[in-house]
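Peer 1: Have a look at the structure that comes next, please.
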């Protein structure tokens, strides 16, 4: 039976419950306000990307990323047709305009996954590599530390480089499907000469350039002592893992793969199938510092070290050195000082007489770009990136 007393009691209970629910909602709201997962956007800074300027120099494109607080970052695009790379940078700025440059992984994913039909591939990942370098450069400068400190700190005191007095590489251009004694012996002689040059305590690497068909490479590998070569680089054209498995089955020399592997997803088959003894990932090809570090972690799980491929200027080489300095499984790093135009890049590391590089110093990547030199170099003609040496004697097209 409903009475006046019952109605008053029910009303009091409702008021008490509503007050309790209000307190709980307020407490929950406060927790959500302080929950980083619910506040992805960085509300503590006004730092934003305001401009990206690509500048083509010979076969490279230099990227300058500017922010509204005057902090800038530099990156390098390598091994692309520069007209296309420059246009792609300008187009991708639409995805970066107004973003916080320190959200490096988020921006990497935003670009990489932006277009379902452009995901992966050399044009996307090489261009993304240059942008990624610039973002790490900015972030390091903001924190006032070298990039390798942001990657967990150095795992070594110096980085072994080649070519040097004790490390050299020989290679060969396009060859027929199966070789003659003269062809095989000619390459073997080059390897022997390189061995004499570095001595028994040095290392010799052989670059097959994807230009030696499997039958030819099998013949060559059988004619060389397994310990005379540190590894065979690019033993086959990427695309069919079964070819690599066949070579690995019959060749006792370590195989270095991955120069053209442009993300963690393209590296996985080499590791799972056991055909990669060394990963020769290129920081400027695989999506930059962010992706190179992830690939190093994958390699570590399989006890496969990195021997980074590198044909960039000192800017891209220094970005790669930061990763090499911070990973545990590392073998040797490629570097050619002559690639850098004189006066363009000022780096803050050096090579010693034994071929070891000191660790990069200074905030960010640690390279300074002379923009006046860059402007003058940009006025020179830009040769297209179309090698013409991939021909066989009969005029047919060969791999290279």
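The values are calculated or read from the model by the stated rules, or taken from the named source; none is laboratory data. Everything numeric here is computed off the predicted structure, so don't read it as measured data. As a convention, Cβ positions derive from the backbone with ideal geometry for all residues, glycine included, and neighbour counts pool all protein chains shown.
Peer 1: Being over 28 Å from residue 237 (Cβ atoms), in a loop (DSSP other than H, G, I, E, B) and more than 27 Å from the chain's Cα centre (by Cα) is the filter here; which residues of the stretch 375-400 pass it?
Peer 2: 379, 380, 381
Peer 1: Taking the criterion of being in a loop (DSSP other than H, G, I, E, B), surrounded by 15 or more Cβ atoms within 10 Å (Cβ to Cβ) and either touching a residue at least 40 places away in the same chain (Cβ under 8 Å) or out of contact with any strand residue (DSSP E or B) (no Cβ under 7 Å at 6 or more places or on another chain) (or both), would at least one residue in the stretch 133-150 satisfy it?
Peer 2: Yes, the conditions are met somewhere in the stretch 133-150.
Peer 1: Could you say whether any residue in the stretch 374-387 is modelled with pLDDT under 90 and in contact with a strand residue (DSSP E or B) (Cβ under 9 Å, 6 or more places away or on another chain)?
Peer 2: yes
Peer 1: When the stretch 167-212 is examined, which residues are found to be over 26 Å from the mean Cα position of the chain (by Cα), in contact (Cβ under 8 Å) with a residue 40 or more places away in the chain and surrounded by 17 or more Cβ atoms within 10 Å (Cβ to Cβ)?
Peer 2: 174, 175, 179
Peer 1: While we're on this one: Answer with yes or no whether residue 400 is within 19 Å of residue 205 (Cβ to Cβ), surrounded by fewer than 19 Cβ atoms within 10 Å (Cβ to Cβ) and at pLDDT below 95.
Peer 2: yes
Peer 1: Going residue by residue through the stretch 125-132, is there one that turns out to be in a loop (DSSP other than H, G, I, E, B) and under 14 Å from residue 364 (Cα atoms)?
Peer 2: no
Peer 1: With more than 13 Å from the chain's Cα centre (by Cα) and either buried (at least 18 other Cβ atoms within 10 Å of the Cβ) or not assigned by TED's automatic domain parsing to the domain that holds residue 56 (or both) as the only criterion, which of 295, 339, 289 stands out?
Peer 2: 339
Peer 1: If you don't mind, another one. Select from the stretch 254-278 the residues that are farther than 17 Å from residue 120 by Cα, touching a residue at least 40 places away in the same chain (Cβ under 8 Å) and assigned to a loop (DSSP other than H, G, I, E, B) and list them in ascending order.
Peer 2: 277
Peer 1: Could you list, ordered by first residue, the pairs with Cβ atoms under 8 Å in which the first is in the stretch 93-114 and over 23 Å from residue 150 (Cα atoms) and the second is in a helix (DSSP H, G or I) and at pLDDT 95 or above, at least 6 apart or interchain?
Peer 2: Once the first residue is over 23 Å from residue 150 (Cα atoms) and sits in the stretch 93-114, its partners that are in a helix (DSSP H, G or I) and at pLDDT 95 or above give 95/107; 95/110; 95/111; 114/92; 114/95.
Peer 1: Would you pick out the residues in the stretch 298-313 that are farther than 21 Å from residue 267 by Cα and surrounded by fewer than 24 Cβ atoms within 10 Å (Cβ to Cβ)?
Peer 2: none
Peer 1: Would you check if there is a residue in the stretch 266-276 being closer than 21 Å to residue 320 by Cα, out of contact with any strand residue (DSSP E or B) (no Cβ under 9 Å at 6 or more places or on another chain), surrounded by fewer than 24 Cβ atoms within 10 Å (Cβ to Cβ) and at pLDDT 95 or above?
Peer 2: yes
Peer 1: When you look at residue 83, is it modelled with pLDDT under 95 and either part of a strand (DSSP E or B) or in contact with a strand residue (DSSP E or B) (Cβ under 8 Å, 6 or more places away or on another chain) (or both), yes or no?
Peer 2: Yes, satisfied.
Peer 1: What is the number of the single condition among (1) in contact with a strand residue (DSSP E or B) (Cβ under 6 Å, 6 or more places away or on another chain); (2) closer than 18 Å to residue 282 by Cβ that residue 55 does not meet?
Peer 2: Unmet condition: (2).
Peer 1: Follow-up. Go over the candidates 319, 378, 326 one by one and state the one that is surrounded by fewer than 22 Cβ atoms within 10 Å (Cβ to Cβ) and in contact (Cβ under 8 Å) with a residue 12 or more places away in the chain.
Peer 2: One residue alone meets the criteria, 378.
Peer 1: Using the structure shown, decide if residue 319 is closer than 21 Å to residue 262 by Cβ and either out of contact with any strand residue (DSSP E or B) (no Cβ under 7 Å at 6 or more places or on another chain) or in the same structural domain as residue 63 (by TED's automatic domain parsing) (or both).
Peer 2: Spelling it out, residue 319 is indeed closer than 21 Å to residue 262 by Cβ and either out of contact with any strand residue (DSSP E or B) (no Cβ under 7 Å at 6 or more places or on another chain) or in the same structural domain as residue 63 (by TED's automatic domain parsing) (or both).
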